[in-house]
Amino acid sequence: MKSFDIQSSLDDIYARYPEATRQPVIGLTGNFADGDARLCEQYYMSVVRAGGTPVIIPPVADKDVIINTLDKIDGLVLTGGGDINPLWAGEEPSPRLHGINHMRDKAELLTVRLAYNRQIPMLGICRGIQTLVTALDGEVDQDIAESFAAAHGAGRAAAAAGHSLIKHSQDADRSEPTHTVRISRESVLYSLYKTETLAVNSIHHQAVRASGRRFSVSAKAPDGVIEAIESSEFKPFIGVQWHPEWLGESGQVLFRWIVDRARDFYTAKDLHRRMLTLDTHCDTPMFFPQGIHFDQRDPRILVDMHKMAEGHQDAVIMAAYLPQPKLGETFSSKVAFKVDGPLQYADLIFDKIEEIVNANNRYLSIARTPSDLYEDKRKGRRSIMLGIENGLALNHDISNVRYFARRGVVYITLCHNGDNDICDSARGCNTHGGVSRFGEQVIKEMNRCGIMVDLSHAGEKSFYDALSISSKPIVCSHSNCKALCDVPRNLTDDQLRALAKHGGVAHITLYHGFLRNDSQEATVMDAIAHLEHAISIMGIEHVGLGTDFDGDGGIRGLADSSELINFTLHLLRRRYSERDIARIWGGNWLRVMAQVQSK
């Protein structure tokens with residue numbers, strides 16, 4: 001006999017603490033029909049069996065509802081259903097278009113775009129794979145048979161030429177596989193199934209025509225129809241044309257994947273909530289002459305308030321970059337703003353940063369010290385620190401070191417791509433044979449004033465001279481490893497060892513030309529390789545990340561600030577401890593900053 005005693009069930013729940021283990025929360029887009037938001041049992045029970053907590057997301061296009069929903073979930077499943085209105089893709093409807101679902105389209109397309117920007121793991125199923133590509137610049141065939149005939153001809157003629165379309169909308173029960181797909185061996189899908197051939201069900205008349213640049217094709221049917229896609233940016237996004245929720249254990253592979261990736265994502269979010277994340281070099285002020293909007297998601301820049309929030313980034317050091325004039329050039333001819341000289345230009349940049357911060361002071365603050373950064377984090381604000389890239393800003397006046405210290409500058413990169421009056425550059429002409437006499441005075445005054453000496457861009461002799469002159473540890477805010485990419489700007493293993501011996505740090509940067517010097521596109525995996533090489537030489541206590549965003553930094557997988565949580569995800573997958581991730585994300589840098597700022 002069925003028991004209706006609720007207390008016994010409550011007693012079982014409260015018999016231990018905590019009452020339940022924390023599970024990843026998986027949002028599932030709900031279908032809409034006859035005025036009801038609904039979802040078949042197979043979807044949400046597949047999530048339960050995979051160890052997740054399912055939440056059905058109704059088709060609501062309100063931005064506040066979508067954003068608050070995304071803030072609460074750890075993973076997203078885009079479920080099957082009717083056709084997407086082709087007008088969203090800029091196309092007119094084919095006569096073969098089936099029923100569209102106007103309640104779902106806008107809500108789900110917005111959800112995908114916002115989830116993508118937040119790096120939330122996604123699994124698209126049937127309509128869901130088509131939603132992924134429609135939202136993210138791919139293309140969908142409104143009808144497979146129509147597109148196939150247009151490409152290959154119809155009927156016997158196509159068959160005679162070796163082209164034959166298989167049946168993609170089965171009459172058999174949904175739990176019955178009716179055709180096979182061929183899986184690419186280089187794909188995540190292959191790593192999950194360990195086979196090149198997989199039997200799947202098929203309940204669709206549309207499919208992906210082109211995956212777009214954000215996805216690669218990972219499986220096709222025998223007739224060439226795209227059956228699966230996955231992220232080409234090393235992100236946890238997969239779309240499949242079949243319905244895994246009906247396929248028992250075979251289908252559970254994909255649901256376990258999305259739940260596992262969601263668990264990783266929650267762990268990364270939780271880490272970012274508890275630790276400070278600092279990018280030690282961006283050049284966003286270079287775009288100030290274009291009138292950028294830091295409080296908007298501005299496509300012209302890689303760092304803004306929205307992208308920092310999406311990537312769970314707490315702080316960034318913004319550099320006032322000063323180009324080095326060549327012989328015969330004036331400084332004013334090299335910059336967009338009308339200024340009298342280098343110092344005035346740096347001041348103008350800092351004035352503009354302060355204007356941005358003052359206009360958004362509820363969410364943004366200028367920090368000068370490690371304690372300022374932690375205070376901002378406690379108060380829910382993101383931090384900007386001020387840096388100078390090229391000691392040319394001092395205008396050959398040693399008193400300007402103290403002036404910039406009072407202004408709040410935390411580091412000065414001694415030179416850029418060209419020798420200046422302080423030292424020789426890695427791309428210079430050996431003007432001084434290292435650090436000049438004036439440069440020696442500058443370094444000692446920076447030590448006295450609590451400004452970090454940054455040797456990114458410095459020549460090798462300048463590097464060693466500065467190490468011997470400085471009484472405080474030295475930093476390289478955005479430099480990579482010469483052993484992996486032999487260019488003058490990168491650091492040799494001996495330089496890395498010397499830097500670590502003197503207590504300094506080297507922060508890996510995301511400029512493709514410093515990550516690899518061949519024709520291949522640089523990716524997040526190259527950045528990880530440089531980081532791990534630096535760790536092998538220096539130790540975990542001397543490394544970090546200085547992206548060089550908006551100064552030509554940005555690579556596939558770490559393209560802007562919104563993607564920085566992916567860096568944490570890769571570290572977690574490589575089994576770095578929470579303590580070591582916190583060191584890499586700014587802890588090492590802040591240790592040095594505290595030493596330099598101590599009197």
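The values are calculated or read from the model by the stated rules, or taken from the named source; none is laboratory data. Being a predicted model, the structure only gives us computed values, none of them experimental. Neighbour counts are summed over all protein chains in view; Cβ atoms, including those assigned to glycine, are modelled from backbone coordinates with ideal geometry.
Condition check: under 34 Å from the mean Cα position of the chain (by Cα), crowded, with 17+ Cβ neighbours inside 10 Å, outside any strand (DSSP E or B) and not hydroxyl-bearing (S, T, Y). Does G51 satisfy that? Answer is no for this residue.
Say we look at segment 9-32 and pick out the residues that are in a strand (DSSP E or B) and either touching a strand residue (DSSP E or B) at 6+ places or on another chain (Cβ under 6 Å) or without any contact (Cβ under 8 Å) to a residue 12 or more places away in the chain (or both); which of these is farthest from P59 (Cα to Cα)? Give the steps one after another, and end with the answer.
Residues of segment 9-32 that are in a strand (DSSP E or B), as a first pass: 25-29, 31-32.
Subset that is either touching a strand residue (DSSP E or B) at 6+ places or on another chain (Cβ under 6 Å) or without any contact (Cβ under 8 Å) to a residue 12 or more places away in the chain (or both): 25-29, 31.
Values: V25: 18, I26: 16, G27: 12, L28: 10, T29: 7, N31: 7 Å.
If we take residues in segment 9-32 being in a strand (DSSP E or B) and either touching a strand residue (DSSP E or B) at 6+ places or on another chain (Cβ under 6 Å) or without any contact (Cβ under 8 Å) to a residue 12 or more places away in the chain (or both), then V25 is farthest from P59 (Cα to Cα).
You will find that of R214, R209, R256, the residue that is basic (K, R), within 20 Å of L28 (Cα to Cα) and either at pLDDT below 95 or not assigned by TED's automatic domain parsing to the domain that holds L386 (or both) is R256 and no other. The listed residues are G546, G554, G503, G539, and the only one of them that is under 20 Å from G387 (Cβ atoms), surrounded by fewer than 18 Cβ atoms within 10 Å (Cβ to Cβ) and either modelled with pLDDT of 95 or more or more than 23 Å from the chain's Cα centre (by Cα) (or both) turns out to be G503. Looking at segment 439-482 only, could you name the residues that are basic (K, R) and closer than 26 Å to S536 by Cβ? Once the filter is applied, which keeps residues that are basic (K, R) and closer than 26 Å to S536 by Cβ, segment 439-482 yields K461, K472, K482.
Pick out the one residue from I229, I292 that is crowded, with 24+ Cβ neighbours inside 10 Å and over 21 Å from W589 (Cα atoms). Break it down stepwise before answering.
Working: I292 fails: crowded, with 24+ Cβ neighbours inside 10 Å.
Of I229, I292, the one residue that is crowded, with 24+ Cβ neighbours inside 10 Å and over 21 Å from W589 (Cα atoms) is I229.
With respect to I353, determine if the residue is in contact (Cβ under 8 Å) with a residue 60 or more places away in the chain, crowded, with 24+ Cβ neighbours inside 10 Å and closer than 27 Å to I555 by Cβ. Considered against the rule, which asks whether it is in contact (Cβ under 8 Å) with a residue 60 or more places away in the chain, crowded, with 24+ Cβ neighbours inside 10 Å and closer than 27 Å to I555 by Cβ, I353 comes out as no. A498 meets the conditions (1) on the phi > 0 side of the Ramachandran plot; (2) within 33 Å of the chain's Cα centre (by Cα); (3) surrounded by fewer than 20 Cβ atoms within 10 Å (Cβ to Cβ) in every case but one. The failed one is (1).
Of the residues F337, F265, the single one that is surrounded by fewer than 17 Cβ atoms within 10 Å (Cβ to Cβ), in contact (Cβ under 8 Å) with a residue 24 or more places away in the chain, among the aromatic types (F, W, Y) and on the phi < 0 side of the Ramachandran plot is F337.
Residues of segment 358-385 that are closer than 19 Å to G311 by Cβ, surrounded by fewer than 16 Cβ atoms within 10 Å (Cβ to Cβ) and free of Cβ contacts under 8 Å to residues at least 40 places away in the same chain: G380 alone. Would segment 540-554 turn up any residue that is under 26 Å from Y464 (Cα atoms), in contact with a Leu (Cβ under 8 Å, 6 or more places away or on another chain) and part of a helix (DSSP H, G or I)? Yes, segment 540-554 contains a residue that is under 26 Å from Y464 (Cα atoms), in contact with a Leu (Cβ under 8 Å, 6 or more places away or on another chain) and part of a helix (DSSP H, G or I).
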